[in-house]
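For reference, the structure is listed below as structure tokens.
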Amino acid sequence: MCVECGLNPCDARCPNADEEKAIFNCVMCGYPIVDGDFYWDSRDGCICEDCLYEMRREEILEMCGEPLKKAVMEEY
């Protein structure tokens with residue numbers, strides 16, 4: 001177990017972690033996105049697969065610029 005982060009293997013942000021070159025960093029959690037990882041290139045920045053799966057559908061729609069709309073009966 002690592003003295004710095006308390007995990008085994010180390011958290012990617014730990015100074016003792018194995019150095020795998022980050023291509024991007026997730027804008028939600030800050031973890032590195034490395035070669036072979038899946039991610040979403042959203043308007044707000046790259047979001048890792050783990051964060052994407054934890055997001056509510058409404059959050060994803062809002063990030064795509066398509067928020068839910070409320071139905072209102074029109075009177076004539």
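Annotations
- Of note, Gly65 does not satisfy the criterion of being open to solvent by less than 100 Å² (accessible area, probe 1.4 Å), in a loop (DSSP other than H, G, I, E, B), touching a residue at least 12 places away in the same chain (Cβ under 8 Å) and under 21 Å from Asp11 (Cβ atoms).
- Count - residues of segment 39-60 that are in a helix (DSSP H, G or I) and either crowded, with 16+ Cβ neighbours inside 10 Å or modelled with pLDDT of 95 or more (or both): 6
- Flag if Cys29 is at pLDDT 90 or above, hydrophobic (A, V, I, L, M, F, W, C) and part of a loop (DSSP other than H, G, I, E, B): yes
The values are calculated or read from the model by the stated rules, or taken from the named source; none is laboratory data. Everything numeric in this text was worked out from a predicted model, so none of it was measured. Don't worry about glycine lacking a Cβ; one is built from the backbone with ideal geometry, like all the others, and counts go over all protein chains shown. Heads up: the accessible areas ignore ligands, DNA and RNA and are worked out on the full protein's heavy atoms, side chains in. Shrake-Rupley method; radii C 1.70, N 1.55, O 1.52, S 1.80 Å.
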